[in-house]
Amino acid sequence: MSGSDNPSEMSEDEERPCPSDLTGGVTAKARNCCFNAAVTGGGGGIFNFSPHPDQVLENVLENVLCFLTDRRDRNAASLVSKSWYRAEALTRSEVFIGNCYAVSPTRVTTRFKRVTSVAIKGKPRFADFSLLPPDWGAHFTPWASVLGDSYRGLEKLYLKRMSISDDDLGLLARCFPNFKELVLVCCEGFGTSGLAIVARDCRQIRVLDLIESEVSDDEVDWISYFPENKTCLESLTFDCVECPIDFEALEKLVIRSPSLKRLRLNRFVSITQLYRLMIRAPQLTNLGTGSFGASTVTDEPDPDYASAFAACKSMVCLSGFREIAPEYLPAIYPVCGNLTSLNLSYGANINTEQFKSVISRCHKLQVLWVFDSVCDEGLEAVAATCKDLREIRVFPIEAREDADAPVSEVGLLAISEGCRKLKSILYFCQKMTNAAVIAMSKNCPDLVVFRLCIMGRHLPDHVTNEPMDEGFGAIVKNCKKLTRLAVSGLLTDRAFSYIGQYGKLVRTLSVAFAGNSDLALKYVLEGCPKLQKLEIRDCPFGDLSLRSGLHHYYNMRFLWLSSCRVTLQGCQEIARQLPRLVVEVISGDDEEGSETNEHVNTLYMYRSLDGPRADVPSFVQIL
């Protein structure tokens, strides 16, 4: 098999267990055993038939590889020989496509015949920050038609940052009779009409999760389209749907879904309605509360909300609070002691004292998302209580460079001292010190993800007025397991030399408003052998630094450069030297794809086994 079919370039599957037998009806015992077939011929002779040794090996391999779940292990196994390559393909039940344009749908279905779960990612992450024109691409339709023809047994579909239409959803419902799970994250292009088709026709649906997706209001009451008999629903998430739902239909659906464990409601569900749902489903383990605001019906006394929460003995994850009424916050106290995950990043009006009253009860918490309205004092309360915390994200209420952020190095230092098991942090602030970041590198050496976003441009250590080089240098030096890093603040080339020297496991790097020269990017591209995803904006990096990564681009999933100093000529040179790399030059929203030798607006490069895509908009030029 040619090197272009390397599975590590083509797909990566999530780390989930696969079924132990994917043979399509032939038992493992029958496939493993060498057999003798006694056949009486016309002359009465007996003939013994034995399978070819290679066939025996492949049969054994299929049974062994079914238990191999790590994507890197599978990719390595497929490179051993042609027999291993074939066996790995036959036993793969889950396929992960990190870039929908990196491989064609037909190539995937031709190689992997027995897939029941598909995950596909579309647009690059910077699309979340309006740095990519909305009509750029990442359409699911080409995938839908091919998957519909080839994977009739498909059960699970996960899409992220893709455009999926109502017709695509209808195709899913028609083509996959055993379809069970649909998860759409940051997707667009569909509406309540498409959701109604899924609810009505996917009779075995267990998971329907819409997460941060844009859902158009077609004035269709999609909730009422679920079957009127008992359902298989285990998870229903629609907190991003910005249109009212028929609450009576929702309540009946919850009653008909005894296996429902996760329910995340949108802001049109009041706390009184939430109470009604909770008493119907005390088995919930994961709840998104909806608005958590007062009911519009004011002539009735409030029910005992705390009793409804107390009845949910298995509740471990809590989110929502989109329009939180602080006076109702004590209602969640009964479940706080069992919570492992708490997301308050929608409740911007929760203050420090209210937050402390909740967090002081969350001794088992492992994941926390909050707004910076909790202030440094609130984070100090987290440090004092949540000794088992593994992940924290602190988002800004006002994401402006000139805003006064209520969290600083004080909160970061407190978290590092109190939460020594921390593995992942995303922290937005307006001021920081090297000392606090260095302390975190020493106190939390098991960090895998470190994303520090100092929102003002080129801000130094606000105490010493020095660049933030030493702080980030300490992170990559002391946190030996680090795989994802986002840097900010005033950074010189020295910081990037540290990343290149010590960041040997870094796979994802995000950079904004940093560096002095081309040397900075050169240090990273030449020093980080595991680098897969590189996102850069507003940095002084030009053609020289771009050329320094020629040896590595085929091993990366993508490189994104916007508002830097790369020229069209430099991009063309990369395209000539690496023909299997797709080099896209993206103009602004109102511009045609007519960049000159001046600096290009945005450069997006990614590896592809099947060449440039066909759905190129006018503002994109593929070199």
Next item on the list: Give, in whole angstrom and from largest to smallest, the semi-axes √(5λ) of the equivalent ellipsoid of region 71-116, with λ running over the eigenvalues of the Cα gyration tensor.
Entry: 18, 12, 10
Check: Beyond 34 Å, what share of the Cα-Cα pairs of the chain remains, rounded to the nearest whole percent?
Finding: 52
Check: Can you work out ³J(HN,Hα) from phi for every residue in region 362-374, in order, using Karplus 6.51 cos²θ - 1.76 cosθ + 1.60 and θ = phi - 60°, giving whole Hz and x for Gly and Pro?
Finding: 9, 6, 9, 4, 10, 10, 9, 10, 9, 8, 6, 5, 6
Checklist line | For region 93-220, alpha-carbon Rg and Dmax in angstrom | finding: 13.9, 42
Check: Could you give the nm distance between label points at Ala403 and Arg203, where each point is 7 Å from its Cα heading toward the beta carbon?
Finding: 4.9
Next item on the list: Have a look at Leu169, Cys100, Phe140 and report the one farthest towards the positive end of the charge dipole of region 91-171, computed about the Cα centre with Cβ charges (Lys/Arg +1, Asp/Glu -1).
Entry: Cys100
Note to self: Given a 1.4 angstrom probe, what's the average accessible area per residue across region 448-562, in square angstrom?
What the structure shows: 36
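Below 10 angstrom from the Cβ of Tyr502, what's the summed charge of the other residues (Lys, Arg +1; Asp, Glu -1)?
Working: positive: Lys477, Lys480, Lys504; negative: none.
Residues near Tyr502 contribute +3 overall.
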Checklist line | Relative contact order (percent, whole number), the chain, Cα cutoff 8 Å, 6+ residue spacing | finding: 6
Notebook entry, point to check: Taking K and R as +1 and D and E as -1, what net charge do the other residues with C-beta under 9 Å from the C-beta of Thr285 add up to?
Noted result: +2
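Ignoring ligands, DNA and RNA, what accessible area per residue does region 93-220 give at 1.4 Å, in Å²?
Numbers: 4550 Å² over 128 residues.
For region 93-220, the per-residue accessible area is 36 Å².
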Next item on the list: Give me the percent of the accessible area of the chain that comes from carbon and sulfur atoms, probe 1.4 Å, all protein chains in place.
Entry: 51
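What shape does region 265-315 take by its C-alpha gyration tensor, where a ≥ b ≥ c are the square roots of the eigenvalues and a/c under 1.5 counts as rounded, a/b above b/c as prolate, and the rest as oblate?
Values: a/c = 2.66, a/b = 1.45, b/c = 1.83.
The shape class here is oblate.
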Checklist line | Antiparallel content of DSSP bridges confined to the chain, in %, to 5 | finding: 20
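In a shell of Cβ-Cβ distance under 12 Å around Thr492, excluding Thr492 itself, what net charge do Lys and Arg (+1) and Asp and Glu (-1) give?
Residues close to Thr492 contribute a combined charge of -3.
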Checklist line | Helix-only mean residue ellipticity at 222 nm for the chain, each DSSP H run of n ≥ 4 adding -39500 (n - 2.57), per residue, nearest 500 | finding: -8500 deg cm²/dmol
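What size of dipole, in debye to the nearest 20, comes out for region 93-220 about its Cα centre when the only charges are +1 on Lys and Arg C-beta atoms and -1 on Asp and Glu C-beta atoms? Numbers along the way, then the final one.
Numbers: 16 positive and 17 negative charges, 185 e Å.
So the magnitude is around 880 debye.
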Next item on the list: Sequence neighbours fewer than 8 away in the same chain don't count; with that in mind, list the lysines whose C-alpha is under 22 Å from Lys160.
Entry: Lys121, Lys123, Lys180, Lys533
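The values are calculated or read from the model by the stated rules, or taken from the named source; none is laboratory data. Quick caveat, the model's predicted, so the values are computed rather than measured. Every residue, glycine among them, receives a Cβ derived from its backbone with ideal geometry; neighbour counts consider all protein chains shown. Heads up: the accessible areas ignore ligands, DNA and RNA and are worked out on the full protein's heavy atoms, side chains in. Shrake-Rupley method; radii C 1.70, N 1.55, O 1.52, S 1.80 Å.
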